[in-house]
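The values are calculated or read from the model by the stated rules, or taken from the named source; none is laboratory data. No experiment lies behind these values; they were computed from the predicted model shown. All Cβ positions, glycine included, derive from the backbone under ideal geometry; neighbour counts span all protein chains shown. Protein only, heavy atoms only, side chains kept; ligands, DNA and RNA dropped before computing areas. Shrake-Rupley method; radii C 1.70, N 1.55, O 1.52, S 1.80 Å.
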Amino acid sequence: MTKRMIIMIGCVLLLIAVLAFGKFLQIRQLIASAPKPSAQTVTVIEVKSQQWRPQLAAVGTLTPVRGADLSTEVAGLVRSVHFKSGQDIQAGALLVQLNADSDIAQLHALEAAAAQAAIVLKRDQAQLAVQAVSQAQIDADLNDLKAKRAQVAQQAATVDKKAIRAPFAGRLGITTLNPGQYVNAGDKLVTLQTLDPIYVDFSLPQQQLAGLAVGQVVNVSVDTFPGQTYSGKINAINPKVDPATRNVQVEATLANPKRELLAGMFANVKIDVGDTQQWLTVPQTAITYNPYGSTAFIVSKAGAARPGQPASAASAPSAAGAASAPAGAGGDQLVVHQVFVEAGPTRGDQVAITKGLEAGQRIVTSGQIKLKNDTPVVIDNSVQPANSPNPTPQEK
């Protein structure tokens, strides 16, 4: 009975082993017959070392050295307009003349009264010499003459207010003022702006204050004139940091001889600070930013050691990578490996890499979304992502 039980158990175990081996062969055949992953087309660039000088970047606004909306202190009827819209004028030039006939007439009356007071004073002074009048009369005459001359000066100032003149040299704006138009005190007549030189006002975070100094060179560009840079110097740094934003306001002066830059323009400001440094640079499109860190894909031959992997480990490449990697230039099989990188400062389309890459390595610049470790790739650089440290807007 025991012998039969042992034989039965052995047969059952043999049957299980045969079934398991058959299942193993079936699974192996399925794996072997599975379709190989297709190669992904990507663009690639070689990591290069470049010299960069550290820069501070900011967004600024152009403001005039002198600028004002001219108006009148007194109301009146416009008699004549002595300028044209957009005209360049000098300081003191007559711009608008208001009707001042009644004021001038009043001025002449006051001048006549002051002249009469002067005559009375002179006559009484002659009579004082012969004791015909008292000293008190002379004092009264002198005070009366001073009062009348003060009234003349006051009326003359009122007449002068009817002539609006340019307080400084600059360029006039567009106006709709016409002769015969009545204006009230404080009404805007025309804007006047001094365009050469011109200020650029911008703000920087307080932690960048150590790199700023009066007299430092700034480079300014505007979207109106792409590819053109205007140089200037910092002339003032606000002694107070804004407690709401923790930014400090900075003002720089730019030469504007052609008067191309206008007040109110948006401007990109860059300031060179420190000494020139050597950086590994790549296009910003080559870096994938994730919550757990920034990554990049390095292209290498199938079977080659991964970055950070010992060379001995390269002798046993993964079956997927070795079996499915396509032939690259010269018949080499190319695959990608994902690595963590640390990104540094940016400049235009480029970003500096402080850790994770080496000069001469080839990294993927587009097509990363379809990649993973050991994915076979085909390189097609017919269309490359932008990689300029000083990009300019492209018109289409």
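With ASN268, ASN256 as the choices, which residue is within 18 Å of ARG53 (Cβ to Cβ) and touching an Asp or Glu at 6+ places or on another chain (Cβ under 9 Å)? Reasoning before the result, please.
Details: ASN256 fails: within 18 Å of ARG53 (Cβ to Cβ).
ASN268 is the lone residue from the list that is within 18 Å of ARG53 (Cβ to Cβ) and touching an Asp or Glu at 6+ places or on another chain (Cβ under 9 Å).
Suppose the filter is modelled with pLDDT under 80, under 30 Å from the mean Cα position of the chain (by Cα) and polar (S, T, N, Q); does ASN290 pass it? Before the answer, list the steps.
On the way: modelled with pLDDT under 80: no; under 30 Å from the mean Cα position of the chain (by Cα): yes; polar (S, T, N, Q): yes.
In short, no.
Conditions: (1) modelled with pLDDT of 85 or more; (2) open to solvent by less than 60 Å² (accessible area, probe 1.4 Å); (3) within 19 Å of the chain's Cα centre (by Cα). PHE297 meets all but one. Number of the miss?
Going through the list (1) modelled with pLDDT of 85 or more; (2) open to solvent by less than 60 Å² (accessible area, probe 1.4 Å); (3) within 19 Å of the chain's Cα centre (by Cα), PHE297 breaks only (3).
Which condition from (1) β-branched (Val, Ile, Thr); (2) open to solvent by less than 50 Å² (accessible area, probe 1.4 Å); (3) closer than 30 Å to THR365 by Cα is the one that VAL200 breaks?
Only one criterion is unmet by VAL200, namely (3).
Within segment 249-256, identify whether any single residue is exposed (fewer than 12 other Cβ atoms within 10 Å of the Cβ) and either touching a Lys or Arg at 6+ places or on another chain (Cβ under 7 Å) or modelled with pLDDT of 90 or more (or both), and answer yes or no.
So the first thing to find is which residues in segment 249-256 are exposed (fewer than 12 other Cβ atoms within 10 Å of the Cβ), and the list is none.
No, segment 249-256 contains no residue that is exposed (fewer than 12 other Cβ atoms within 10 Å of the Cβ) and either touching a Lys or Arg at 6+ places or on another chain (Cβ under 7 Å) or modelled with pLDDT of 90 or more (or both).
Is it the case that some residue within segment 218-238 is in a helix (DSSP H, G or I), open to solvent by less than 40 Å² (accessible area, probe 1.4 Å) and touching a residue at least 60 places away in the same chain (Cβ under 8 Å)? Even if it seems obvious, please write down each step before you answer.
Just the residues of segment 218-238 that are in a helix (DSSP H, G or I), to begin with: none.
The answer is no; no qualifying residue exists.
What are the residues in segment 214-244 that are within 15 Å of LEU62 (Cα to Cα) and either within 14 Å of the chain's Cα centre (by Cα) or modelled with pLDDT under 90 (or both), if any?
VAL218, ASN219, VAL220, SER221, VAL222, ASP223, THR224, PHE225, THR229, TYR230
Among the numbered conditions (1) farther than 21 Å from LEU62 by Cβ; (2) part of a strand (DSSP E or B); (3) open to solvent by 60 Å² or more (accessible area, probe 1.4 Å), tell me where ARG171 comes up short.
With (1) farther than 21 Å from LEU62 by Cβ; (2) part of a strand (DSSP E or B); (3) open to solvent by 60 Å² or more (accessible area, probe 1.4 Å) applied to ARG171, the lone miss is (1).
Out of the residues in segment 176-192 that are assigned to a strand (DSSP E or B) and open to solvent by less than 40 Å² (accessible area, probe 1.4 Å), state the one that is farthest from ASP242 (Cα to Cα).
Filtering segment 176-192 down to residues assigned to a strand (DSSP E or B) leaves 182-183, 188-192.
From what's left, open to solvent by less than 40 Å² (accessible area, probe 1.4 Å): 183, 189-192.
Values: VAL183: 40, LEU189: 35, VAL190: 33, THR191: 30, LEU192: 30 Å.
Across segment 176-192, the extreme among qualifying residues is VAL183.
When both residues are 6+ apart or on different chains and their Cβ atoms are under 9 Å apart, which pairs have a first residue that lies in segment 54-80 and is in contact (Cβ under 8 Å) with a residue 60 or more places away in the chain and of a type in the set (Val, Ile, Thr), and a second that is surrounded by fewer than 15 Cβ atoms within 10 Å (Cβ to Cβ) and assigned to a strand (DSSP E or B)?
VAL59/PHE266; THR61/PHE266; VAL78/TYR182
Filter segment 345-367 down to the residues that are open to solvent by less than 30 Å² (accessible area, probe 1.4 Å) and either within 12 Å of VAL47 (Cα to Cα) or at pLDDT below 85 (or both) and list them by number. Before you say what the answer is, go through the steps one by one.
First, pick out the residues of segment 345-367 that are open to solvent by less than 30 Å² (accessible area, probe 1.4 Å): 350-353, 357, 363-365, 367.
Matches in segment 345-367: GLN350, VAL351, ALA352, ILE353, LEU357, ILE363, VAL364, THR365.
Does ALA91 satisfy the condition of being under 42 Å from the mean Cα position of the chain (by Cα), part of a loop (DSSP other than H, G, I, E, B) and farther than 30 Å from VAL248 by Cβ?
Values: under 42 Å from the mean Cα position of the chain (by Cα): yes; part of a loop (DSSP other than H, G, I, E, B): yes; farther than 30 Å from VAL248 by Cβ: yes.
So ALA91 fits the description; yes.
Could you tell me whether segment 99-112 includes any residue that is outside any helix (DSSP H, G or I), open to solvent by 80 Å² or more (accessible area, probe 1.4 Å) and acidic (Asp, Glu)? Give the steps one after another, and end with the answer.
Initial filter on segment 99-112 (outside any helix (DSSP H, G or I)): 99-100.
Those left that are additionally open to solvent by 80 Å² or more (accessible area, probe 1.4 Å): none.
No: zero hits.
Which condition breaks for ALA210 when tested against (1) open to solvent by 70 Å² or more (accessible area, probe 1.4 Å); (2) at pLDDT 90 or above; (3) within 13 Å of VAL273 (Cα to Cα)?
(2)
Assuming ASN219 fulfils every condition listed in (1) touching a helix residue (DSSP H, G or I) at 6+ places or on another chain (Cβ under 8 Å); (2) over 18 Å from GLN206 (Cα atoms) apart from one, which condition is it?
If we test ASN219 against (1) touching a helix residue (DSSP H, G or I) at 6+ places or on another chain (Cβ under 8 Å); (2) over 18 Å from GLN206 (Cα atoms), just (1) comes out false.
Condition (residue is under 17 Å from ASN184 (Cα atoms), open to solvent by 50 Å² or more (accessible area, probe 1.4 Å), out of contact with any Ser or Thr (no Cβ under 6 Å at 6 or more places or on another chain) and aliphatic (A, V, I, L, M)) applied to segment 76-92: is it met by at least one residue? Walk me through how you get there before you give the answer.
Filtering segment 76-92 down to residues under 17 Å from ASN184 (Cα atoms) leaves 76-81.
Adding the requirement that they be open to solvent by 50 Å² or more (accessible area, probe 1.4 Å) leaves 77, 79.
After this cut, where a residue has to be out of contact with any Ser or Thr (no Cβ under 6 Å at 6 or more places or on another chain) as well, the list is 77, 79.
From the residues that got through so far, the ones that are aliphatic (A, V, I, L, M) too are 77.
Checked segment 76-92: at least one residue is under 17 Å from ASN184 (Cα atoms), open to solvent by 50 Å² or more (accessible area, probe 1.4 Å), out of contact with any Ser or Thr (no Cβ under 6 Å at 6 or more places or on another chain) and aliphatic (A, V, I, L, M).
Scan segment 382-394 residue by residue and report those that are open to solvent by less than 70 Å² (accessible area, probe 1.4 Å) and either over 27 Å from VAL220 (Cβ atoms) or at pLDDT 70 or above (or both).
Correct list: PRO385, ALA386, ASN387, SER388, PRO389.
Checking GLN131 against (1) touching a Gly at 6+ places or on another chain (Cβ under 9 Å); (2) open to solvent by 70 Å² or more (accessible area, probe 1.4 Å); (3) farther than 30 Å from ASN373 by Cβ; (4) not basic (Lys, Arg), only one condition comes out false. Which one?
The one condition GLN131 does not meet is (1).
Find the residue count for segment 118-146, including only residues that are in contact with a helix residue (DSSP H, G or I) (Cβ under 8 Å, 6 or more places away or on another chain), of a type in the set (A, V, I, L, M, F, W, C) and under 26 Å from ALA105 (Cα atoms).
Going through segment 118-146 one residue at a time, the tally reaches 5.
Can you tell me how many residues within segment 13-55 are aliphatic (A, V, I, L, M), modelled with pLDDT under 80 and over 55 Å from the mean Cα position of the chain (by Cα)?
Qualifying residue count, segment 13-55: 3.
Counting only residues that are under 30 Å from LEU189 (Cβ atoms) and open to solvent by less than 90 Å² (accessible area, probe 1.4 Å), give me the strands (runs of 3 or more DSSP E) lying completely in segment 1-72 with at least 1 of them. Please lay out each step first, then the result.
Working: elements: 40-46, 48-52, 55-71.
Qualifying strands (runs of 3 or more DSSP E): 55-71.
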